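FYI, it's all coordinate maths here, none of it is from the lab. Please read these numbers as outputs of a predicted model, since none were measured by experiment. Every residue, glycine as well, gets a Cβ built from its backbone with ideal geometry; the counts of neighbours run over all protein chains shown.
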Amino acid sequence: MKEIEKAYEAKQFEDSIYKKWEDSGVFTPKVDKDKPSFTISMPPPNATGTLHLGHATMLAIQDIMIRYKRMQGFSSLWLPGTDHAAIATQHRVEKNLNEEGKNRHDLGREKFLEEVHKFVEGSRSTIRSQIRKMGSSCDWSRERFTLDEGLSSAVRTMFVKMYEDGLIYRGDRIVNWCPRCGSTLADDEVEYKEVKDKLYWIIYGPFVLATTRPETKLGDTAVAVHPDDDRYKDMVGKKYMIPGVLGDFEITVVADKEVDPEFGSGAVKVTPAHSFADFDIAKRHGIEAKSVIDEEGKMMKNCGKYEGMTTEQCRKAIVKDMEEMGLMEKTEDYDHKLSVCYRCKTTVEPLISKQWFVDVDKPVIEHDGKKKTIKERSVEVVKNGEIEIIPERFNKTYFHWMENLHDWCISRQLWYGHQIPVWYCQDCNEEIVSVDAPEKCTNCSSKNLKQDPDTLDTWFSSGMWTFSTLGWPEQTEELDYFHPTSVLETGYDILFFWIARMIIMTTYGINQIPFEKVYLHGLIRTRNGEKMSKSKPETCIDPLDMIDQYGTDALRLSMVIGSTPGNDLRLYEEKIAGYRNFVNKIWNASRFSLLNVNNEHLETEFDPKKHIVSKADKWIITKLQYLIKDTTENMDKFLFSEAGTKIYNFTWGELCDWYVELSKGEHLNPHVLVYVLKNLLKLLHPFVPFVTEVLWSNLKEEKMLIESDWPKFNKELIFNTEVEEMELLHQIISDIRSARAEHAVEPVKQVHAVIYAGKYKDFLEEKREPLMRMARIGELEILEKGDKLEKAIALLTPHYEVYLPLQELIDSEKETKRLEKELVNLKGFEKALEGKLKNDGFLNSAPTEVVEKEKKRLAETQKSIKKIQKELSEL
Ligand SMILES: [Zn+2]
Ligand SMILES: [Zn+2]
C-alpha cells in the first residue's frame, strides 16, 4: 500500500517537476539519424511582452504536440526564443523616456540602445519564466533571440545574398509613413479606422472635383479621368493652369483605367507624392511627383505660408483661403476608412522616401528547371501541398494576400534592430554591401565610411526564424536534421505578418520549405464571445493568475478541449475551475489504485494471460485499447480537442464510475489497476503533464513519464463479447439507479429486485456482487423468464426485464401522503387554469400565444394528475 496525499496541490509540485525535467536533459534532443525528427520553432514572443492568453494557448498546443512525438520516439525539438520586435520595443522604451521628459535624441543612438537592451533583458527573463510556468518542454539550450550574434550575422548574410541576386534595391518609392514612430510601415502594419470626414468639392480650373484632402492640392501635378468618360474626352493630354492658394500651377490631364468615373465628378486630382493610387497613375503616365509633406507630417518649405503646419492645420487654413477666393463649391459629410499605424494609431502619411525594397516579381529562385519569383514560389508551395495549412480554408486568404503583394519595403527608420549592412563612402559615394563592416572603400580605399542609419523590418529576421535558429548560414548538422520543421503553430491573426514572410525567406534563402504544416488556432474570447481587451479588465483572464489558483494542468485543458483549428474559443474562470475538478478526479482515481497495490504489483510486468482475470478486467482493457487507438489517430490528425475529450470521458466514465467502483468489491485486481493507470497516465500526459508526472513517480518506474513510450494499440487485448455483457450490467445498474431517483427512494435503502435475464442469466448471477452493491439491492432474484409483476416498477428492454416491487421500494404510508398532497395542489392549479380559459375577458384580450401557453399548461397538469392517481391506486 502506497502513501499518497489526499488531494493534489498543483502549487506544491509544478516548479520542482519542471526543474526535474529540465535538469534531466530530456528537453534537449540529439541529432540521431536512427530516429525520425520532429521540430517546432516556437513563435518567438515579443521582447516587450508578458505572457497573455494567446501565448498560453500556443504554448499548451505546441507542448502537447512535442510531448506526444517525444513519447512516440521522435527526436523532438521545440526551439524557444524571443523576437526583438523593433517597432514595439522602441516605442515602449521611448514612452518610458517621455515620462521622464526625455526623448531618444537627447540620449543619442548608443545610449538609447543601451536603455533598450536593459529593458529587453528584463522582459526576456520574465517571458522565460512564464513559458516555464506553462510546462513548456522546450529546449532552453538552443534558445535564440532575433538580435543575437548568430541571427544577426544570418540576417546580414541574407541581405547580401538578396542584394547580389538583384532582389534588394534602394529606391524612391511611396511608403506608408508613421510620423509619430518616424518610420515606414509595411502594408499589413497599417490598420483602417472608420471615420466621419468631409468631402470637399473644389473649383479646379475647368474642373470641379471632390477630395478628402484639400491640403495635398499643393502637391498636385495632374488630373486623371477614366478613358471612357465622354465628359472629359477632349481634355485628355492637354495642360491647364489651375488657380490655387499660392498662385496658378500647371497640371496635365491623363486618362487612366483606375479612375472611378462614379466618384465625385469623375475627375480626380493627382498627388503622386502622397497617395499610393496617384503614385501608380503618375508612374504609368510619366508624371512628376512633388513632395509637400515631410516626415514629421508637416507641410514643407515649398508650401509658402503653410510651411510648418501639420496636415490638419493646413487643411483648415487652405479650406478657409479657398472659400475666400471662391474656389470652394460645397462640402459634404463623408464616411471613409482612414489609415493608421498599427502600433500607435497615428494617421499614416503616404510619402515618397528613399528606402530599401525586396523585389517580389523578379525571377530568381531556381526550381524545377525554371526561374521563379519569390511570389510565385510562395504560392506554389501551398498550392501543390508541400505546405499544408490547417484549416484549409485559410489557403484562400493566403493566396489572396500573396498575389497582391507589392515590393516589400524592408528599411525602418528605427534605431533598435538590425542595422542595414550597407556602407557609403563619404569620399567617392561608393555603396558597399557587406556581411561584416568593411575597413575601407572598395573603390577609393578611403576609410571615411558611414553605415546606413536605418534598420531592417523585424519580419526580415523573424522570416528566417526556422533556419537561422539552427545555425544558418553554417551548414550545421542540426539544420540538416531538424529542418524543414514539422509544424508551425500559431494564431490565425498572424498568417500574413509572419507565416507568409517565413515562406518567402525560406524558399528563397535555402530552397526549402520552412515547415510542412501550419496549424492555426483560434483566438480566445470571453464567455459572451467578445474579444478580450485591456480596456475591459473584467473580461481579461490572466493566465498566471489562473495557474496560481487552479494549476497549469487545468488551464491547459480549458484552452485545448473545445478548441478546433481556426475557430475562436470562449474561456472563463468557471471553465478552468471545472478542469481543476477533473485533475482532482485523475488524482483520486490514481490514489485509489495506489492504495490497493503493493510494490510487487508495481514491479511485475503485466502479463495478459496471467493477470486478466474477470470479465470486468477484459472490459476495461478493451476500452483502454480502443481509447489508445482513437486518441492516437486523433493526435496524428491534430484533433487535440477530440483526443482530450475521449481521454476525459474514459477517465471520468469507464474508469472512475465503473472500474474503480467494481474494484471496490470482489473484482479488485491490482495488476489490471496498475496496467490501466500506467497507460492512462501516458495518454493524459501531453495534456496535463504535471499531475501525471507526480502520480507516475509513485509507480516505481525507472524513466520519468515525459520520456516513457506512447501506448500502442494491441488487438490481442480486445474482448468484444465480455464488453457487450459488461455494458449490459452497467445498463441494468444505471436503470435501477434512475428508477430509484425518480421515485425518491432514500439512497441508503436496499431494494428488492427481480430480473428476467434470458440468456444473460448466468452472467448476471456471476455479477451478483457488484450488481447488488452498486444498485443497492437487498434481495435479488435472477431468473431466465417469468410473469409480469404487478405493483412494481417495470424496466423493460429486449434483453432483460427488471421489476422493483413497490411496497418494498417505498414507505407506502409516507408516499401516499406525499402524493395526496401533490394531487391537491395540482387540482387547485387545474381549476384556476380552467377558470382562466373560460373567461371571455382573458380570451379576448390576451395574445394568442399566451392563450396557447395556458392551454398547454392545463394539458400538462392534467397529465400529471392522471399519473399520480395511477401511482396512488398501485400503492
Ligand atoms: Zn506609429
Ligand atoms: Zn570611396
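Structural remarks
- In order along segment 405-420, the Karplus-derived 3J(HN,Hα) couplings, from 6.51 cos²θ - 1.76 cosθ + 1.60 at θ = phi - 60°, round to 6, 9, 3, 8, 7, 9, 9, 10, 8, 10, 8, 8, x, 7, 5, 4 Hz, and Gly and Pro are given as x.
- Computed over segment 141-235, the ratio Rg/Rh where both radii use C-alpha atoms and Rh is Kirkwood: 1.19
- Ranked by how many other Cβ atoms sit within 10 Å of their own Cβ, fewest first, the residues Met726, Met774 fall in the order Met774, Met726.
- Rg/Rg_globular for segment 1-77, with Rg_globular taken as 2.2 N^0.38 Å and Rg from C-alpha atoms: 1.40
- Loop GluC sites (Glu not before Pro), segment 266-316, which have at most 10 other Cβ atoms in a 10 Å radius of their Cβ (DSSP): Glu288
- Low-density loop positions, trypsin sites (Lys or Arg not before Pro), segment 13-93 - DSSP coil, at most 12 other Cβ in 10 Å: Lys30, Lys33
- Dipole of segment 130-232, positive direction: furthest Cα of Leu218, Asn176, Tyr204, with charges on the beta-carbon: Asn176
- Global geometry of segment 522-631, whether rounded, prolate or oblate, following the gyration tensor of its Cα atoms and the 1.5 cut on a/c: prolate
- Residue pairs exceeding 19 angstrom between C-alpha atoms, taken from Lys791/Lys831; Lys623/Lys715; Lys585/Lys715: Lys791/Lys831; Lys585/Lys715.
- Net charge dipole size for segment 489-578 [Lys, Arg +1 and Asp, Glu -1 on Cβ; Debye, nearest 20]: 320 debye
- For Val340, nonlocal amide neighbours, meaning residues 5 or more places apart or on other chains whose placed amide H falls under 5 Å from its own, are Glu191, Tyr192, Lys193, Val348.
- The GluC sites (Glu not before Pro) of segment 398-447 meeting both criteria, a DSSP state outside H, G, I, E and B (loop) and at most 12 other C-beta atoms within 10 angstrom of the site's C-beta, are Glu439.
- Farthest positive-ward along the chain dipole, Cα basis, beta-carbon charges - from Thr476, Ile390, Trp415: Ile390
- Relative contact order (%) - segment 448-547, alpha-carbon pairs under 8 angstrom, separation at least six: 26 percent
- Shown here: segment 358-406, whose C-alpha atoms stretch 31, 24, 11 Å along the first, second and third principal axes, sorted largest to smallest.
- Net length gained if the chain between Lys856 and Glu430 were fully extended (0.36 nm per residue, minus Cα distance): 144.2 nm
- Contact order normalised by residue count of segment 676-727, Cα under 8 Å, 6+ apart, percent: 33 percent
- By the rule of a C-alpha distance below 14 Å, with chain neighbours fewer than 8 residues away ignored, the aspartates and glutamates paired with Lys396 are Glu380, Glu388.
- Segment 250-293 and segment 328-356 have Cα centres lying 16 Å from one another.
- For Ser275, distant residues with modelled amide H under 5 Å away: none
- Placing dummy labels 7 Å off each Cα toward the beta-carbon, the span from Asp230 to Asp248 is 3.2 nm.
- Between Lys637 and Arg393, the C-beta separation translates, for a Förster distance of 25 Å, into a calculated FRET efficiency of about 0.95.
- Here is how the number arises for the chain: DSSP H runs of 4 or more residues each give -39500 (n - 2.57), the sum is divided by the residue count, and the result at 222 nm is -13000 deg cm²/dmol.
- Spin-label pair Glu121/Val208, simplified geometry with 7 Å Cα→Cβ offset, distance in nm: 6.8 nm
- Set the Cα radius of gyration of the chain against 2.2 N^0.38 Å, with N its number of residues, and you get 1.29.
- Candidate aspartates and glutamates - alpha carbon under 12 Å from Lys193, same-chain residues fewer than 8 apart omitted: Asp335
- Between the helical axis of 640-649 and the longest alpha-carbon principal axis of the chain there is an angle of about 20 degrees.
- Cα centre as origin, Lys/Arg/Asp/Glu Cβ charges: the chain dipole, Debye: 1380 debye
- Principal-axis tilt of helix 149-164 within the chain, Cα atoms, nearest 10 degrees: 50 degrees
- Applying 0.36 nm per residue to the separation of Thr346 and Lys700 and subtracting their alpha-carbon distance, the gain on full extension is 121.2 nm.
- Pairwise FRET efficiency - Tyr626 versus Lys20, Cβ, R0 = 35 Å, nearest 0.05: 0.60
- Here the simple spin-label model places points 7 Å from the Cα toward Cβ, and for Lys354 and Asp607 these points are separated by 8.5 nm.
- Sites Trp401 and Arg527 - FRET efficiency at Förster radius 45 Å, r taken between beta-carbons, to 0.05: 0.90
- About its Cα centre, segment 22-130 has a charge dipole of approximately 340 debye under the convention of +1 per Lys or Arg Cβ and -1 per Asp or Glu Cβ, with nothing else charged.
- Paramagnetic label reach from Leu872 (point 7 Å along Cα→Cβ; backbone nitrogen cut-off under 19 Å): within segment 718-750, residues 743-744.
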